[in-house]
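Structure record follows, encoded as structure tokens.
The values are calculated or read from the model by the stated rules, or taken from the named source; none is laboratory data. Nothing here was measured: the structure is a model prediction, and the numbers come from that model. Cβ placement follows ideal geometry from the backbone for every residue including glycine, while neighbour counts extend to all protein chains displayed.
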Amino acid sequence: MIGVFDSGLGGLTVVKEIWRQLPGRGVVYLGDTARTPYGTKSRHLIQRYSLQDAEFLLAKGAKVIVVACNTASAQAVEALRRHVDVPVFEVVTPAVNSAAILTSGRVGVIGTRGTVRSGIYERKMKRLSPQTTIFSAACPLFVPLVEEGWTKRPETVSIAREYLRPLRLRRIDTLILGCTHYPFLRSVIRQAIGSKVKLIDPAHDTVAELATYLKQHLELDAVLRTKHSTSIYVSDLTERFTALAGDWLGRKLRVRSAEIG
Ligand code: DGL
């Protein structure tokens, strides 16, 4: 099974991409809803939570781990790779690779405070494409707005304009949606940043990277295909999560409760 974890709901965007790009593989998802958000927490805590999340998925039979959460990808992946002995995929590197190909030299990245504070997008881009400049902006209100379902409201457009104004002024040509939830605000972000800026959804690029890896590791792919189902776990099971998950995935799935840590 492909194990996917996130601090909560947002990582279901990665599950959807797996269904699209890698149909027929088993998926086990963990949303750490009891301890969400990760974006405001310290590096130390994000690492501890991420290790516990990965251990839960391994115990459920995951043979690959995908860190769907940008905050955990930014702050915990090296620690994770030291502790687990299955391949670990994260969402930052594929998005940077994609931005380096698409940009004319000015990239914007938006994310939680934790992701922006980590500076990881800047560091990775500098290594890959030193001539590209990255400008970043934290958008802390976006996650609660998505979780409230305010993805098309005029108030959300105003907030997006406010957050994205500095990036607009910097005349970015490419924008990385560096948080699980932001693809749900795509149309609002599009209105706020203008029609010419290319938008990058890390979930898409991450699953594309996993698909390429599996083409080179057919034995692992065969193991992932032995189970076809998707199981969804959360550390705090609420009716609201179940309803939102059904809406987001476009499919009703049983959501189960997980004991973590
Ligand atoms: N999943 C987080 C991320 O992608 C957003 C929500 C949170 O702060 O936990 O950064």
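So the values come out like this:
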{"item": "In the range 1-27, the residues that are of a type in the set (D, E, K, R) and in contact with a Cys (Cβ under 8 Å, 6 or more places away or on another chain)", "result": "ASP6"}
{"item": "Residue, surrounded by the most Cβ atoms within 10 Å (Cβ to Cβ), within the range 141-151, restricted to residues that are under 17 Å from THR115 (Cα atoms) and at pLDDT below 95", "result": "VAL143"}
{"item": "Residue match in the range 76-93 (condition: more than 29 Å from THR151 (Cβ to Cβ), of a type in the set (Gly, Ala, Ser), more than 12 Å from the ligand (Cβ to nearest atom) and touching a strand residue (DSSP E or B) at 6+ places or on another chain (Cβ under 7 Å))", "result": "no"}
{"item": "Condition broken by ARG127, with the remaining ones in (1) farther than 28 Å from ALA243 by Cα; (2) outside any helix (DSSP H, G or I); (3) out of contact with any strand residue (DSSP E or B) (no Cβ under 8 Å at 6 or more places or on another chain) satisfied", "result": "(2)"}
{"item": "Flag for ALA243 being surrounded by 14 or more Cβ atoms within 10 Å (Cβ to Cβ) and not in a loop (DSSP other than H, G, I, E, B)", "result": "no"}
{"item": "Options ARG123, ARG113; residue that is within 16 Å of the ligand (Cβ to nearest atom), out of contact with any helix residue (DSSP H, G or I) (no Cβ under 7 Å at 6 or more places or on another chain) and among the basic types (Lys, Arg)", "result": "ARG113"}
{"item": "Residues being within 10 Å of the ligand (Cβ to nearest atom) and among the small types (Gly, Ala, Ser) - total across the range 1-32", "result": "5"}
{"item": "Per-region count, the range 34-59, residues closer than 30 Å to THR226 by Cβ and modelled with pLDDT under 95", "result": "0"}
{"item": "Strands (runs of 3 or more DSSP E) enclosed by the range 1-115 - at least 3 residues per element that are closer than 22 Å to SER257 by Cβ", "result": "2-6, 27-31, 64-67"}
{"item": "Subset of the range 94-104 (residues that are crowded, with 21+ Cβ neighbours inside 10 Å and in contact with a strand residue (DSSP E or B) (Cβ under 6 Å, 6 or more places away or on another chain))", "result": "ALA95, SER98, ALA99, THR103"}
{"item": "Long-range neighbours under 6 Å by Cβ, at least six apart or interchain, first residue closer than 12 Å to HIS204 by Cα within the range 90-110, second more than 16 Å from the ligand (Cβ to nearest atom)", "result": "PRO94/GLU209"}
{"item": "Yes/no for ILE134 being buried (at least 19 other Cβ atoms within 10 Å of the Cβ), within 19 Å of ALA99 (Cβ to Cβ) and within 16 Å of the ligand (Cβ to nearest atom)", "result": "no"}
{"item": "Members of the range 17-34 that are basic (Lys, Arg) and touching a helix residue (DSSP H, G or I) at 6+ places or on another chain (Cβ under 6 Å)", "result": "ARG25"}
{"item": "Any hit, the range 33-45, residues being under 25 Å from THR238 (Cα atoms), more than 11 Å from the ligand (Cβ to nearest atom) and either crowded, with 24+ Cβ neighbours inside 10 Å or of a type in the set (Ser, Thr, Tyr) (or both)", "result": "no"}
{"item": "Single residue of ALA68, ALA62 found to be within 14 Å of the ligand (Cβ to nearest atom), at pLDDT 95 or above and among the small types (Gly, Ala, Ser)", "result": "ALA68"}
